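**Q** Before we start, here is the structure in question, set down as C-alpha cells.
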Amino acid sequence: MKIDALLAAGGAAGRAIAAKSDWESTALGPPGGWGTSLCTALFMCLESRFPMIVMWGSELAYIYNDACIPDLGDKHPDAMGRPFKSLWPEAWDEVGPLSAQVMSGGGSTWSVNKRLLIKRRGYLAETYFTFSFSPIRNISDYGRIAGLLSTYQETTQEVIRARRLACQRELTASLAGLRTQRSVGTHATAVLEKYPADIPFSVVFLWERYPLLSAPQSVTTGGLGGRQARRSFLAELHRCGVLPDIVDAVSTGRGRVIQQLPGWDSIRLAGGSPAPTTAVAVALRNRESSAPIGLFIAGVSDLIALDEDYRDFVEAIAGQISFGLMLARTREAERDRAASARHSSLHDALTGLPNRTSFLKNVGRALLQSQRGGGAVAVLFIDLDGFKAVNDTLGHRAGDDLLCEVASRLRRTTRPGDVVARFAGDEFAVLCVDVASIGSVEQIAGRAAEALALARSGGASAVTASVGVALSGPELLDPEDLLHAADIAMYAAKRQGGGRFLLYDDSMSS
C-alpha cells in the first residue's frame with residue numbers, strides 16, 4: 001500500500017500530512033522518501049487514540065495524531081512538520097533538556113504535571129502536562145537514535161482545580177474561629193497571597209453600613225507591592241468612582257468583571273511586576289441584610305482563562321469570606337453584649353461612674369500596691385446635704401441632673417489617677433492613690449467640698465457636701481474597713497453642720 005493511502009487512513013492528521021505541499025522545505029523531505037523506522041513510528045502515532053507525537057531528526061520535526069489537534073489550538077495544521085523549538089519556543093527551556101537527554105542516548109524520560117507556559121490560541125496560558133519521551137531508533141542506520149516518540153496527557157484542569165480546592169480548604173481553616181471582621185479580611189488576603197497563579201492580588205473592603213462607600217471601615221490587600229501600591233490601587237478606585245457602580249452591579253447578581261481601569265498601569269504587585277488589568281468584584285453579604293457589608297476584588301492572571309470555572313472559584317471565595325465575616329460579626333456582638341453587661345454590673349447607670357463593687361475592687365488593688373512600696377491610699381466618702389429638698393421641690397429629674405453635675409464636678413476636682421464612684425442615692429466616693437501626706441489628701445477633700453458647695457438647683461436651698469476622709473495605715477488595710485472609716489468621718493462632718501470635710505480618727509468610732 002502506498003504511503004498516501006496510509007496517510008489518508010490516518011484521520012485528520014494523516015490528511016494534513018498528505019495535503020502539505022512544502023515538505024521539501026522541512027528536514028523530513030517528501031513523505032515518499034521517509035524511511036521504514038520513521039514510517040513505522042508515524043503510523044503507530046496516527047492510529048493511536050491517545051495523544052502521541054513523533055519528533056524526528058536533529059530539529060525534532062513535529063508530527064502528531066488526531067488526539068493532539070484540540071491541544072494545538074490555532075497552530076493546526078501549520079504545526080505539521082515544523083521544528084519543535086520554532087513551534088513551541090516558549091516551552092523550549094523546559095522541554096529542550098528532556099529531549100536532549102533522550103536523543104543523546106540517556107534513555108527514556110517522563111514528567112508528571114509539568115508546568116508549561118504555551119501559546120496556542122493567540123495568548124500565553126498556564127498549562128500542565130504529564131508526558132513521556134522515548135527514543136526512535138533507525139533500523140537502517142545500525143539503531144542510531146533518530147527521533148523521539150512522545151505520549152502525553154494534559155492535566156491543566158485537574159491541577160488547577162486541585163490547587164483551587166487547596167486554596168479554599170486553607171481559607172476555611174484560616175477563617176475558622178476569628179473574632180473580628182477586620183481579622184477575617186486580613187487572614188483571607190494572607191491566604192490568597194499564597195496562590196498568585198489564581199489570584200495575583202486581592203482586596204477586601206469592609207464598611208459599617210451600605211452605601212457609605214467613600215470611607216470603608218477597613219481595607220485589607222494581598223499581593224500588592226508595598227504601601228504605595230495599595231494607595232495607588234485605592235486612589236484609582238476612588239478617583240474613577242467605580243466602587244458604588246461595582247456594588248450596584250454585584251448587589252443583585254454575580255461578580256462583575258473590571259477591565260482596563262485608568263491608572264492601573266502604575267500599580268505593581270509584590271514582586272514588582274505590573275498588576276493585571278482585569279479583576280472580578282463580588283459583593284460580601286450576611287444573612288441579616290440584602291445590602292452588601294463589603295466587597296471582594298480578585299485580580300485575574302493573564303495566564304488563565306476568565307471562564308465560568310474561574311468566576312465560580314472567585315464567587316466561592318467571596319462566599320467563604322462572607323461566612324467568616326458573619327460569624328465574626330456574631331462574635332463581636334456577643335462580646336459587646338458581654339462587655340455591656342460587665343460594664344453595667346460595675347457602673348452606675350445614671351452617671352456612668354463606677355459603683356460600690358467596682359470601687360472596692362479598685363481600693364483593694366490600691367492597698368496591695370501601697371503595701372509593695374507605693375504611697376498611702378485615701379478614701380473620701382461624700383454625702384450631699386439638702387439633696388432631699390431638691391427631689392421634693394423640683395422633682396426626681398432635677399435630682400438626677402444634680403447628681404450628674406456632682407459627678408462631673410468631682411471628676412474635674414480630683415487628680416487624673418483618682419477614682420470617683422457613686423454608691424446609691426446621693427452617696428459618692430473618691431479613691432486617692434499615691435498619697436504622699438495627710439496635707440495632700442486634705443487639699444483634695446477641701447476642693448471637693450468647695451466645688452460641691454456651688455451646686456444649686458434653681459430656687460431650691462443650697463446643696464453642700466459632707467466629706468469623710470480615711471487614710472490607710474496599719475489598722476486600715478482592708479477595703480471595707482477603710483470605706484467604713486471614711487463613712488464614720490462623713491457622718492461626723494454632717495453632725496457638725498455639713499459643707500465640710502473631716503479626717504477619720506479613732507475617737508470617732510468610740
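The values are calculated or read from the model by the stated rules, or taken from the named source; none is laboratory data. A quick note: this is a predicted structure, and the numbers were derived from the prediction, not measured. In this analysis, Cβ positions are derived from the backbone assuming ideal geometry, glycine residues included, and neighbour counts consider all displayed protein chains.
Every residue, every condition in (1) of a type in the set (S, T, N, Q); (2) in contact with a Cys (Cβ under 9 Å, 6 or more places away or on another chain), yes or no:
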position	(1), (2)
S111	yes, no
R121	no, no
S140	yes, no
L149	no, yes
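**Q** Go through segment 294-320 and count every residue that is within 13 Å of the chain's Cα centre (by Cα) and either without any contact (Cβ under 8 Å) to a residue 24 or more places away in the chain or assigned to a helix (DSSP H, G or I) (or both).
**A** Matching residues across segment 294-320 total 3.
**Q** Check whether at least one residue in segment 377-400 is within 44 Å of the chain's Cα centre (by Cα) and either within 30 Å of I444 (Cα to Cα) or of a type outside the set (G, A, S) (or both), and report yes or no. Walk me through it before giving the result.
**A** Kept after step one, since they are within 44 Å of the chain's Cα centre (by Cα), are these residues of segment 377-400: none.
Looking for residues that are within 44 Å of the chain's Cα centre (by Cα) and either within 30 Å of I444 (Cα to Cα) or of a type outside the set (G, A, S) (or both), one finds none in segment 377-400, hence no.
**Q** Same structure again: Could you identify the single residue in R169, R164 that is outside the structural domain of L38 (by TED's automatic domain parsing) and crowded, with 20+ Cβ neighbours inside 10 Å?
**A** Only one candidate qualifies: R164.
**Q** Here's a check for you: in segment 328-349, which residue that is touching a helix residue (DSSP H, G or I) at 6+ places or on another chain (Cβ under 8 Å) and either closer than 30 Å to Q168 by Cβ or assigned by TED's automatic domain parsing to the domain that holds L360 (or both) is surrounded by the fewest Cβ atoms within 10 Å (Cβ to Cβ)?
**A** Applying the filter and picking the extreme gives E332.
**Q** So V463 ticks every box in (1) out of contact with any helix residue (DSSP H, G or I) (no Cβ under 7 Å at 6 or more places or on another chain); (2) surrounded by 21 or more Cβ atoms within 10 Å (Cβ to Cβ); (3) modelled with pLDDT under 90 but one. Which box is left unticked?
**A** (1)
**Q** Which one is surrounded by the fewest Cβ atoms within 10 Å (Cβ to Cβ), of the residues in segment 43-76 that are of a type in the set (G, A, S) and under 20 Å from T127 (Cα atoms)?
**A** Only one residue tops the list, namely G73.
**Q** I'd like the full set of residues that are farther than 21 Å from Y62 by Cβ and β-branched (V, I, T), limited to segment 126-154.
**A** Matches in segment 126-154: I139 only.
**Q** To continue, here is another question. Looking at segment 19-35, which of its residues are surrounded by fewer than 16 Cβ atoms within 10 Å (Cβ to Cβ) and either polar (S, T, N, Q) or in a helix (DSSP H, G or I) (or both)?
**A** Once the filter is applied, which keeps residues that are surrounded by fewer than 16 Cβ atoms within 10 Å (Cβ to Cβ) and either polar (S, T, N, Q) or in a helix (DSSP H, G or I) (or both), segment 19-35 yields A19, S21, E24, S25, G32, G33.
**Q** So which residues in segment 64-83 are free of Cβ contacts under 8 Å to residues at least 60 places away in the same chain and either among the aliphatic types (A, V, I, L, M) or over 20 Å from F43 (Cα atoms) (or both), if there are any at all?
**A** A67, I69, L72, G73, D74, K75, A79
**Q** Quick test of your reading of the structure: A146 fulfils all but one of (1) touching a Pro at 6+ places or on another chain (Cβ under 9 Å); (2) over 30 Å from V112 (Cβ atoms); (3) modelled with pLDDT of 90 or more. Name the failing condition by number.
**A** Answer for A146: the failing condition is (2).
**Q** Being at pLDDT below 90 and buried (at least 20 other Cβ atoms within 10 Å of the Cβ) is true for just one of L38, L7. Which residue is that? Lay out the reasoning, then the answer.
**A** Details: L38 fails: at pLDDT below 90.
On inspection, the qualifying residue turns out to be L7.
**Q** Right, something else. Against the definition (in a loop (DSSP other than H, G, I, E, B), buried (at least 18 other Cβ atoms within 10 Å of the Cβ) and in the same structural domain as I17 (by TED's automatic domain parsing)), how does A79 come out, yes or no?
**A** yes
**Q** Right, here's the next one. Filtering segment 265-292 down to residues that are assigned to a strand (DSSP E or B) and of a type in the set (V, I, T), which residue is modelled with the highest pLDDT?
**A** Top of the filtered list is V280.
**Q** Does Y128 fit the bill of being under 30 Å from I199 (Cβ atoms), in the same structural domain as F43 (by TED's automatic domain parsing) and in contact (Cβ under 8 Å) with a residue 60 or more places away in the chain?
**A** Criteria not met by Y128.
**Q** Return the only residue of G147, G107, G185 being part of a loop (DSSP other than H, G, I, E, B) and not β-branched (V, I, T).
**A** Within the list G147, G107, G185, the selection yields G107.
**Q** Among the residues of segment 86-93, are any in a strand (DSSP E or B), within 23 Å of P30 (Cβ to Cβ) and either modelled with pLDDT under 95 or touching a strand residue (DSSP E or B) at 6+ places or on another chain (Cβ under 7 Å) (or both)?
**A** Looking through segment 86-93, none of the residues is in a strand (DSSP E or B), within 23 Å of P30 (Cβ to Cβ) and either modelled with pLDDT under 95 or touching a strand residue (DSSP E or B) at 6+ places or on another chain (Cβ under 7 Å) (or both).
**Q** Against the conditions (1) surrounded by 21 or more Cβ atoms within 10 Å (Cβ to Cβ); (2) within 28 Å of A176 (Cβ to Cβ), where does D385 fall short? Just the number, please.
**A** Looking at each condition in turn, D385 falls short on (2).
**Q** Condition first: crowded, with 19+ Cβ neighbours inside 10 Å and among the hydrophobic types (A, V, I, L, M, F, W, C). Now tell me which residues in segment 420-433 satisfy that.
**A** Scanning segment 420-433 gives V420, A421, F423, F428, A429, V430, L431, C432, V433.
**Q** Which residues, taken from segment 349-360, are without any contact (Cβ under 8 Å) to a residue 24 or more places away in the chain and either at positive phi or not in a loop (DSSP other than H, G, I, E, B) (or both)? Let's see the steps before the verdict.
**A** Our first condition is that a residue be without any contact (Cβ under 8 Å) to a residue 24 or more places away in the chain; within segment 349-360, this holds for 349, 357.
T357 - this is the single residue of segment 349-360 that is without any contact (Cβ under 8 Å) to a residue 24 or more places away in the chain and either at positive phi or not in a loop (DSSP other than H, G, I, E, B) (or both).
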